[in-house]
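Only the coordinates and a few stated rules stand behind these numbers; no lab work does. All figures in this text were calculated on a predicted structure; none of them were measured in a lab. Every residue, glycine among them, receives a Cβ derived from its backbone with ideal geometry; neighbour counts consider all protein chains shown.
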Amino acid sequence: MGTGNDSWISQIRKGVLEIAVLALLTGREMYGFEIVASLEANPQLAISAGTVYPLLSRLKKAGLIASVWRESPVGPPRKYYELTDAGTLELSEMTEAWHAFSAELDDLLGSIIR
Amino acid sequence: MTHARDTIEDYLARLDAALREFHERERAELLAEVRAHLEESALRAVGSDAGVDAAVRSLGDPRELARRLRDADEEGPEQPAPERVKRVLGMPYNFKPLSAEAVASRVWNPADPRILMPRVFGIGWTLNFGAIAVRLGLVRPDDEEAVPFASVPDKALAAGLAAVTVANGAVVAAAALVRASSVPVHWGLAGPDRFAPPSTAAAYLLAPVIVLNAAALLRQALRASRTERALSVAGLAFLVVMLDGLYMDGLAWAVTGHELVYPGVLVLAALVLAFGVLVGYSRLGVRAEWRRARVK
């Protein structure tokens with residue numbers, strides 16, 4: 001894969017990172033390490049901790065997620081994140097947009113022999 | 001585990017240094033979170049340093065991480081997109097202070113095919129003279145540079161301003177010389193239906209033009225951007241025809257009993273003149289652009 005392709009892929013990854021994190025937090029709260037580990041488990045997303053924490057900070061500033069620190073007697077304290085109402089709404093709008101987007105692109109790509 | 005401990009402390013010390021610009025509380029919070037992350041990774045890989053090393057790699061260079069955290073702070077999505085058009089009752093509006101370039105993007109934007117553009121300031125729409133010129137075949141949509149009128153020769157701008165200033169001056173002189181007890185300021189279908197003393201009419205019709213003319217002269221003197229000067233000449237040409245014209249019409253009616261032209265015609269004439277000025281400047285700018293390109 002050429003450098004042009006690499007940068008294209010990384011642009012796409014950057015674009016979907018937000019929706020990936022919001023989706024991960026749907027219906028449950030998670031702490032930073034857990035979020036990073038879950039995302040790292042998806043090799044195509046190729047997301048690093050160095051990208052996730054700034055993103056979490058941005059999403060929190062935007063009011064899409066909220067956080068709370070929890071002490072633990074057996075390990076380091078954990079900062080848990082959860083979706084806010086605004087975050088839930090944003091995610092459903094993004095999901096809708098994503099489906100529409102990917103359906104159209106699939107249509108376009110459908111005729112190409114793999 | 002001491003290597004892991006050292007790695008964590010070393011990373012945090014470097015991150016701490018890189019986070020200097022942050023507020024104390026925010027910095028402490030970010031450090032605590034990264035510390036928790038690293039300690040968690042140490043905990044998961046008991047007896048091995050690989051976990052912490054991988055976590056440090058995944059976090060990346062502390063300075064880079066600090067930069068990203070700072071960027072996240074600054075360009076959060078909470079800022080509304082600048083291009084989003086706000087609407088009230090379906091009508092676009094905008095009351096933000098504007099730049100000449102912003103004005104030009106609406107009133108002279110040949111690249112945009114829309115003739116009615118959301119208004120640059122206030123409520124409603126504005127005419128995109130650029131789109132009209134393209135439809136009339138006077139300019140091509142992609143002739144101009146990104147900043148319209150940026151290459152118009154200074155002489156042409158000065159000449160345009162001189163012309164409207166002279167016209168405005170002539171009207172002001174006429175207003176000072178011709179005596180009338182009252183002049184019409186409003187026309188209905190059957191002719192003038194509202195009258196005012198000449199001084200009132202002058203205050204409403206002539207004063208704004210004089211003020212804006214002075215502002216345009218000041219812009220010229222201060223060498224404001226060519227875009228700004230070109231727009232102010234076109235705007236002034238419009239007002240001179242429209243408001244000065246209306247005043248002269250009233251004056252003519254008061255003296256002779258007939259207006260010079262029907263006021264509706266003035267609106268049209270003012271629009272056509274402003275349009276002509278914009279088209280002329282655009283073509284002069286493009287020509288200067290070509291000449292420069294050929295010389296290179």
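Details
- Residues in the range B:9-50 that are without any contact (Cβ under 8 Å) to a residue 40 or more places away in the chain, surrounded by 15 or more Cβ atoms within 10 Å (Cβ to Cβ) and assigned to a loop (DSSP other than H, G, I, E, B): B:Ala45 only.
- Looking across B:Leu271, B:Leu284, B:Leu218, one residue alone is over 17 Å from B:Asp154 (Cβ atoms) and part of a helix (DSSP H, G or I). It is B:Leu271.
- Only a single criterion out of (1) surrounded by 16 or more Cβ atoms within 10 Å (Cβ to Cβ); (2) in a helix (DSSP H, G or I) is not satisfied by B:Val211, namely (1).
- Residues satisfying the stated conditions in the range B:179-191, i.e. more than 10 Å from B:Ala254 (Cα to Cα), in contact with a helix residue (DSSP H, G or I) (Cβ under 6 Å, 6 or more places away or on another chain) and not aromatic (Phe, Trp, Tyr): B:Val185
- The lone criterion from (1) surrounded by 20 or more Cβ atoms within 10 Å (Cβ to Cβ); (2) more than 17 Å from B:Ala163 (Cα to Cα); (3) free of Cβ contacts under 8 Å to residues at least 60 places away in the same chain left unmet by B:Ala216 is number (2).
- Test: residue in the range A:23-37 that is closer than 21 Å to A:Trp98 by Cα and within 13 Å of chain B (Cβ to nearest Cβ): no
- Among the residues making up the range B:51-61, a single one is within 8 Å of chain A (Cβ to nearest Cβ) and touching a residue at least 40 places away in the same chain (Cβ under 8 Å): B:Leu59.
- Selection status of A:Ala46, within 13 Å of chain B (Cβ to nearest Cβ), out of contact with any strand residue (DSSP E or B) (no Cβ under 6 Å at 6 or more places or on another chain), of a type in the set (Gly, Ala, Ser) and under 30 Å from B:Arg5 (Cα atoms): yes
- Members of the range A:53-112 that are farther than 18 Å from A:Lys14 by Cβ, within 10 Å of chain B (Cβ to nearest Cβ) and in contact (Cβ under 8 Å) with a residue 40 or more places away in the chain: A:Arg78, A:Lys79
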